[in-house]
Amino acid sequence: MRSIVGDANVLTDPDAMAGYLTDWMGRYHGHADAVIRPRTTAEVADVVGECAAQRIRICVQGGNTGLVGGSVPPPEAPGDDGLILLSTARMTDIDDVDEVGATVGAQAGATIAAIDARAESVGLMFPVDLASRESATAGGVVSTNAGGVRMIRHGNTRAQILGIEAVRADGQVLRRWSPLVKDNVGYDIPGLLAGSEGTLAVITGVLFRLVTAASATVVLVAAHDRVDDAIALIGQAREAGLTVEAAELMTQAGLDLVHEHGTRRPVATPAPYYLLLEVSGAGDPEELVVDLLENGTGIVDAVLEPGPARALWEVRESHTESIARSTTTPVVKLDVSFPIRELPAAVTELEALPGELDFACRPILFGHVGDGNVHVNLLDVPVEHTTEVTDRVFTIVAGHGGSISAEHGIGRAKTAWTHLGRSPVDLAAMRAIKDALDPDGLLNPGVIFG
């Protein structure tokens, strides 16, 4: 490995490796014999090829901002073969933007913020946007098929992929790299690798499509007594001719928490729920928004600002950090989704969880309401009750016909519950794909399949 990537990029000192072996939440901890930091696809291919020859397992890590333990290796077990952590942190190149085709290529370690900045320099925009944009990487968002706040407008990460470069488990480089938007020759390999969480190949580069940003947007925060009213307001915005760029649900408990940590409350009148809505439209979208707020139903209070309205967005994006600073135990973070018609009842059940448990639990809910996606954060849960409370949440999800993973993947955290969203035949098909592309089970062991 040292001969491939250089001495400085093979880490074996425990202190130097520590940050790679624990996730940012402090919940998942793993073991590796070394951390390897390649710079190019050729180096990745050589590393993977050597591991294949020696039957050494590989855990791939990008920005380490995942929430399900997928980018942290498993704990050491007696008799295990060797395992390395392959970090893409040095693979940060971004190509020049193809302004005519509206595409850009990026190495797997390039951050979402850096890709968007490159697009913005020529008047375009990268359609995937996350609160972790400064550290989340191209390879990471593809591996988890991340959604983010712009999914309601532009689709998930899979919808932004035109091409992909990846190293197979045997060390061979697979490159499907074409700006064509219509290319139906065989299987959709880039689409298959999106969401595969490093279990099928090591993604080293991605060709993304870019979009034109809205010329003018308006951001509003409306306070509601009911989730139904927040959902209705999204529909009313569309009926008024506005394009919904983002739609985020927050609760009073969440706003209280971010306010305690220094974020200004968006409106004066408290309410159980708050909708942050960013819209665009031809003509004067602000005039349409004012009319919407005057005639919308169930609005307790509201405020609007011309986009980007960073102060209003800060309320939503401060949730994750405020939650992490406010819990006495590692946060149980569960990313789930529901049919939108089921959201009101599901949110009510999730908020009622503390009254049904024999241990401490503070639920803070927020998420991409326009997509039916709720981020369930359970604070102060005793570590020994993590599995129990997770099972309770997933039981609610299954009861409403939802998904146990909306956009963060399965990782190591949810492998015991995949049967709730996939039939035995479906799981067997997934297993067959895994066995075909990684017959020795060397890539991200324990992720998705347990």
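Taken together, the values in this text are just the output of simple stated rules run on the coordinates, not laboratory data. Just so it is clear, the model here is predicted, and its values are computed rather than measured. Quick reminder, even Gly has a Cβ in these numbers, built from the backbone with ideal geometry, and neighbours come from all protein chains shown.
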Using the C-alpha atoms of region 327-408, what convex hull volume per residue, in cubic angstrom, is computed? 79
Expressed as a whole number of Å, what is the distance separating the alpha-carbon centroids of region 19-80 and region 223-295? 41
Calculated from DSSP helices alone, with each H run of at least 4 adding -39500 (n - 2.57) and the total divided by the residues of the chain, [θ]222 nm to the nearest 500 comes to -8500 deg cm²/dmol
Any idea what angle helix 41-54 forms with the longest principal axis of the chain, computed on alpha-carbon atoms, 0 to 90 degrees, nearest 10? 60
Provide, for q = 0.09 Å⁻¹, the log10 of I(q)/I(0) from a solvent-free Debye sum over equal Cα point scatterers in region 313-450. -0.31
Quick one: work out Rg over Rh on the C-alpha atoms of the chain, Rh as Kirkwood radius. 0.97
Filtered hits (lysines, Cα-Cα < 20 Å from residue 414, offset >= 8 within chain) -> 333, 434
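Please identify the chymotrypsin sites (Phe, Trp or Tyr not before Pro) of region 313-370 that satisfy two criteria: DSSP loop assignment and at most 15 other Cβ atoms within 10 Å. Which are they?
Details: sites: 313, 359, 366; in loops: 359.
Sites meeting the loop and neighbour criteria: 359.
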Candidates 431, 362, 118; GNM for the chain (alpha-carbon contacts under 10 Å) flags as most fluctuating 431
Size of the dipole of the chain about the Cα centre, Lys and Arg at +1 and Asp and Glu at -1 on the beta carbon, nothing else charged, in debye to 20? 820
Would you kindly state how much longer the chain becomes between residue 177 and residue 431 on full extension, computed as 0.36 nm times their sequence separation minus their alpha carbon distance, in nm to one decimal? 88.8 nm
How big is region 2-87 along each principal axis, measuring the range of its Cα positions in Å and listing the largest first? 33, 29, 22
Once both label points are put 7 Å beyond Cα along the C-beta direction, the residue 357-residue 341 separation in nm becomes 3.1
Sorting 37, 168 on the 10 Å Cβ count, fewest up front, what's the list? 168, 37
Principal axis dimensions, largest first and in whole angstrom, of region 217-317 by Cα: 39, 26, 18
Given springs between every Cα pair under 10 Å in a Gaussian network model of the chain, which of 352, 52, 253 has the largest fluctuation? 352
At what distance in angstrom do the alpha carbon centres of region 381-412 and region 160-216 lie from each other? 29
Springs between alpha-carbon atoms under 10 Å, Gaussian network over the chain: tell me which of 346, 237, 311 tops the mean-square fluctuations. 311
